[in-house]
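Accompanying notes for the structure given below.
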Amino acid sequence: MGICQGCHAGCCRSFAIPLTGADIIRLERDTGKTFWDFGCRWADPEGTIAANYAPHFFFHDEPQTPFVICLKHEDSSLFPASTRCKFLKESPPDADHPLGRGECGTYQSRPAACRVFPTKFDVQNELPILHNVPEYGRDQKLPQFKLCPRQWTPADVDPIDATNDLVIARYEARFFSQLARLWNQKVGKWDVFPEFLRDVYARRVQDIPQQQDEEPHILKLADFQQAHRRA
């Protein structure tokens, strides 16, 4: 975990972490929990959570509100009146860690947004580059929202894993955005949304085309309507 080792996990306290459908399916599969245990929708009228990465979904009960699908936050046991990611495990402060320590409870299955932090592709989409990480994750300059103890350097990032994670994150974000466009054509109910996702992703791998000249399968409204039939 490198620079993250021993950190109090200010990022897991400061940010709403967007989920893709693939993140949701993986977390359900690997943790044995259901979407309702860890997932939520965050209202995002200003687009600050989506941040040109996550799509907006609309739902039947609040059709004018754009939502981003995110990890749930829970009350922090270390910092009263603040919250933390559902999966963050907190350890109390000690002499070496005055803010305590945070450990991801589902590190191997963590969402793509967590995996790629703090990298992105350069403008040519060829090489990973580092974001400049601010000192605090929120406008309130409180200890729990303090981010990395120092700026990241290329030596902190695995050159193979970082590139692979960015490629996968980009693909899954685009696929999820396609699902959002289809969902929003026929706004459905929030309580059936996880079922819709499971149905779509269960059918994402397609059979070999019968004819060699057939077009590659692209998710179409007909697919969406079948998956969305109970919405």
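Some observations on this one:
- The share of alpha-carbon pairs in the stretch 46-104 lying farther apart than 13 Å comes to 71%.
- Euclidean distance of C-alpha centroids, the stretch 151-201 and the stretch 18-36, integer Å: 11 Å
- Rg and Dmax of the chain, Cα atoms only, in Å: 19.2, 68
- Partner lysines whose Cα lies under 27 Å from the Cα of Lys186, excluding those fewer than 8 positions away in the same chain, are identified as Lys72, Lys220.
- Positive contributions from Lys and Arg (+1) and negative ones from Asp and Glu (-1), summed over other residues with Cβ under 10 Å from the Cβ of Phe145, come out at +2.
- Listed by chain and number, the aspartates and glutamates whose alpha-carbon sits under 13 Å from that of Lys189, ignoring those within fewer than 8 places in the same chain, are Asp61, Glu62.
- Binning the alpha carbon pair distances of the stretch 128-199 at 5 angstrom intervals from zero yields the distribution 3, 12, 13, 13, 12, 13, 15, 14, 5, 0, expressed in whole percent.
- Karplus (6.51, -1.76, 1.60) ³J(HN,Hα), θ = phi - 60°, over the stretch 130-146, in Hz, Gly and Pro reported as x: 9, 6, 7, 7, x, 5, 10, x, 9, 5, 6, 7, 9, x, 5, 9, 5
A short reminder: the numbers here are calculations on the coordinates, not readings from a lab. These numbers were taken from a predicted model, which means no experiment stands behind them. Positions of Cβ are generated from backbone atoms using ideal geometry, with glycine treated the same way; all protein chains shown enter the neighbour counts.
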